[in-house]
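Please read the structure below before turning to the comments.
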Amino acid sequence: MIYVSRKEHFNAAHKLYNPNWSKEKNLETFGPCANENWHGHNYDLIVTIKGSPDPETGFVVDLKKLSNLIRNEIIERLDHKNLNLDVPFMAGKMASTEILAQEIWKILIDKIKSISNYGMLHSVKLYETPRNYVEYFGE
């Protein structure tokens, strides 16, 4: 099994806030991430495809096609946006990195089939900071 990854970048703002809780409980739970005026991150997204190389091209997936897919389906929807307010697929959801990674997976899972006959989505890794990241395997 070969694993091929593509890294992309986007900037976005969000707020972690549970509307069913008091302001005090939100601040206690989420700290500065519950800032009423939002806060931002420089996200790095790594999408990994697994499979066997195409015998004619040697590719599991054409990385240019993967890059275009990620940019068109994910980056354009997220870059310089407020995850809580501007991103329809995040409407009504907690804008945590965990939930965002799951939603990105949902968008990409079937679309990968259109660009690769030999690979499938293996993981979505989303860095919120250089030291904090989430990795989702669709489970």
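Read-outs throughout are calculated quantities, based only on the coordinates presented, and are distinct from any laboratory measurement. Bear in mind the structure is a predicted one, so any value in this text is a computation, not a measurement. So basically every Cβ, Gly included, is an ideal-geometry build from the backbone, and we count neighbours across all protein chains shown.
Extension gain for Lys65 to Glu36 (0.36 nm times residue separation, less C-alpha to C-alpha distance): 6.5 nm.
Applying the Karplus relation 6.51 cos²θ - 1.76 cosθ + 1.60 with θ = phi - 60° to segment 40-49 yields 3J(HN,Hα) values of x, 9, 9, 7, 10, 10, 10, 10, 10, 10 Hz, where x marks Gly and Pro.
Derived scalar couplings between HN and Hα for segment 5-22 equal 10, 10, 9, 10, 9, 8, 10, 7, 9, 6, 9, 8, 7, 9, x, 7, 9, 6 Hz in order, rounded to whole Hz, by the Karplus curve 6.51 cos²θ - 1.76 cosθ + 1.60 (θ = phi - 60°), x for Gly and Pro.
Which longest uninterrupted range of the chain lacks any trypsin sites (Lys or Arg not before Pro) assigned by DSSP to a loop state (not H, G, I, E or B) and surrounded by at most 15 other Cβ atoms within 10 Å? Between the exposed loop sites, the longest stretch runs 1-92.
Summing Cβ point charges (Lys, Arg +1; Asp, Glu -1) relative to the Cα centre of the chain gives a dipole of roughly 80 debye.
Working from label points 7 Å from Cα in the Cα-to-Cβ sense, the Ser52 to Lys7 distance is 3.1 nm. So which of Lys23/Lys111; Lys15/Lys64; Lys81/Lys106; Lys15/Lys50; Lys15/Lys113; Lys25/Lys125 end up more than 31 Å apart by C-alpha? Cα-Cα > 31 Å for Lys23/Lys111; Lys15/Lys64; Lys15/Lys50; Lys15/Lys113; rest within. Pairs of Cα atoms nearer than 8 Å and 6+ residues apart set the relative contact order; for the chain it is 30 percent.
Think of it as helices only: each DSSP H run of n ≥ 4 in the chain is worth -39500 (n - 2.57), and spread over all residues that comes to -6500 deg cm²/dmol at 222 nm.
Sparse packing (at most 13 other Cβ atoms within 10 Å of the Cβ) combined with a DSSP loop state is found for the following GluC sites (Glu not before Pro) in segment 5-112: Glu36, Glu56. Sorted largest first, the spans of the alpha carbon positions of the chain along the three principal axes are 60, 25, 24 Å.
By the rule of a C-alpha distance below 15 Å, with chain neighbours fewer than 8 residues away ignored, the aspartates and glutamates paired with Lys93 are Glu103.
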